[in-house]
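Quick notes on the structure that follows.
The values are calculated or read from the model by the stated rules, or taken from the named source; none is laboratory data. Bear in mind that the values here come from a model prediction, so they are computed numbers and not experimental data. Cβ sites come from the backbone with ideal geometry, for glycine too, and all protein chains shown count toward neighbours. Ligands, DNA and RNA are excluded from the accessible area calculation, which covers all protein heavy atoms including side chains. Shrake-Rupley method; radii C 1.70, N 1.55, O 1.52, S 1.80 Å.
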Amino acid sequence: MTTSCHLLDSAAQRAAAESWSYTHFLGYLLEAELAQRHRKRVELNLQFAKFPVIKRFEDFQFDQQPSVDRRLIDELATGRFLSEGRSVVLLGPPGVGKTHLATALGVRTAELGHRVYFTTAIELAHKLTKAVDANRLHRDLNTLTQPKLLIIDEVGYLSFDPVQGSLLFQVICKRYQRQQPICLTSNKAFSDWGKVFADDPVMASAALDRLLHRSTVINITGESYRLREKKRANKSKNADH
Ligand code: ADP
Ligand code: MG
């Protein structure tokens, strides 16, 4: 109740001056208290998430990326997918905004008051391989079911060995069983996921089955945003000469 304590004197003065009712006075203090608690929670959620960079939907130029359905993103931004246990898969070549949108989804989740954790596929595989060695896989897998949303970025950039493949599979299974959403990005089409799972097409299709059972898939096409920006910059530089 620290916020209410701080506000108490000034609120009491205002209440007297403006003849507030008791309920209005209490509502004023409680609202301030709740807002402050929410801000703190969001701050902690953002720290916990380990986003490489904070990105928001507001920074995404949808007109530069016509293959992304704005309405679909707006719907995801409501956070309904979280309670529905719906996963989100962002596919596309490098530079088209997959990590940006995955991060924005995570930031929104944090702002809605939920825990979220961002990791890359290879980071996750390394972490879990270490957990196997230290005999604490069970514990670490359980930890990955704590956040409301788990973001696994860059699935398929580097191929997994069989152990790493099975570890990623276990993460997907565990969260699926509990209807907990995953947001995953990949540069590989689903048909190439056998390679992601160490040339094990059975495991790949079992993983996809679970991931896609309740999901929104966003296929982004087109050229890298960075390259386009560069080309645009060069063009305007040349035009100046
Ligand atoms: P990917 O993960 O698909 O390789 P990123 O999300 O890392 O691509 O995007 C590369 C860079 O370009 C990032 O800095 C990102 O913020 C920016 N970017 C990509 N697409 C857009 C867009 N449509 N509007 C604004 N910035 C974008
Ligand atoms: Mg990326």
- Note on the structure: Note to self: with every protein chain in place and a 1.4 Å probe, the chain gives an accessible area per residue in Å² of 56 Å²
- Please report Rg over Rh for segment 122-241, where both radii come from the alpha carbon positions and Rh follows the Kirkwood definition. 1.13
- In segment 2-48 the accessible area split gives carbon plus sulfur, as whole percent at 1.4 Å, a share of 61 percent
- Query: From the backbone phi of segment 155-162, what are the Karplus-calculated ³J(HN,Hα) couplings (6.51 cos²θ - 1.76 cosθ + 1.60, θ = phi - 60°) in whole Hz, Gly and Pro given as x?
  - Reply: 6, x, 5, 10, 6, 8, 7, x
- Largest-first principal axis extents of the Cα set of segment 1-88 (Å): 57, 27, 26
- Amide H partners (placed H, <5 Å) of residue 218, local residues excluded: 89, 90, 91
- Item | Reachable aspartates and glutamates, given that their alpha-carbon falls under 20 Å from the alpha-carbon of residue 235 and they are not under 8 places away in the same chain | 63, 223
- Message: Considering just Cα atoms, how many Å³ per residue does the convex hull of segment 2-48 enclose?
- Response: 58 Å³
- Query: What translational diffusion coefficient, in µm²/s and rounded to a whole number, does the Stokes-Einstein relation yield for the chain at 25 °C and a viscosity of 0.890 mPa s, taking the hydrodynamic radius as the Kirkwood radius over Cα pairs?
  - Reply: 121 µm²/s
- Give the long-range amide H neighbours of residue 183: residues separated by 5 or more places, or on another chain, with amide H under 5 Å away, using H modelled in the peptide plane at 1.01 Å from N. 88, 150, 151, 152
- In nm, give the distance between the simple-model label positions of residue 28 and residue 135, each being 7 Å from the Cα along the Cα-to-Cβ direction. 6.2 nm
- Would you mind checking 174/195; 50/130; 40/174; 98/231; 127/148; 195/231 for any pair whose Cα atoms are more than 24 angstrom apart? 40/174; 195/231
- Note on the structure: Scaled by the rule-of-thumb 2.2 N^0.38 Å, the alpha carbon Rg for segment 201-241 gives a ratio of 2.21
- Message: Below 8 Å between Cα atoms, with a sequence gap of 6+, how large is the relative contact order for the chain in percent?
- Response: 24 percent
- Report, to the nearest 10°, how far helix 201-213 tilts away from the longest principal axis of the Cα atoms in the chain, using its own Cα long axis and a range of 0 to 90°. 30 degrees
